[in-house]
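Visitor: After the structure tokens below, expect a handful of questions from me.
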Amino acid sequence: MAGDPLVFRDLALVLLAAVIGGALAWYAGQPLVLGYVLGGGLSWMARAHGLATGPMAGFDADAVTAEFLPGGRERALLVVNLGHPGENPWHPRLPRLDEAEVVRWA
């Protein structure tokens, strides 16, 4: 999978998107956007090498920053678990509500 030319093309596109996104975020003064773009690139690249990723938001960023980045220059934006997937890691999609149960057209 990692030797597939399409994977390299996809990785090049992700890198290009990260560079363009980073330049736009830097120009606009929005470093958070750059962080999320680079986090997405990390996930793509890890998956291209057969690893599984699980980006997580909604964590206590202040506590993670205090524990792992005590210098004060950086702050935690995203937590990503990374590793080799176990046997049969993909589960079937869980049941969803029918459209009629959740949508009412006016």
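The values are calculated or read from the model by the stated rules, or taken from the named source; none is laboratory data. Quantities reported herein were computed from a predicted structural model and do not represent experimental measurements. FYI the Cβ positions are ideal-geometry reconstructions off the backbone, even for glycines, and counts take in every protein chain you see.
Visitor: Go through the range 32-68 and give me each residue that's modelled with pLDDT of 85 or more and over 15 Å from the mean Cα position of the chain (by Cα).
Guide: Asp60, Ala61, Asp62, Ala63, Val64, Thr65, Ala66, Glu67, Phe68
Visitor: Having 3 or more residues that are within 30 Å of Ile20 (Cβ to Cβ) is the bar; report the helices (runs of 4 or more DSSP H) wholly within the range 31-106 that clear it.
Guide: 31-48, 61-68
Visitor: Still on this structure, I have one more. Which members of the range 23-80 meet the condition of being touching a Pro at 6+ places or on another chain (Cβ under 9 Å) and loosely packed, with under 11 Cβ neighbours inside 10 Å?
Guide: The one that is touching a Pro at 6+ places or on another chain (Cβ under 9 Å) and loosely packed, with under 11 Cβ neighbours inside 10 Å: Gly50.
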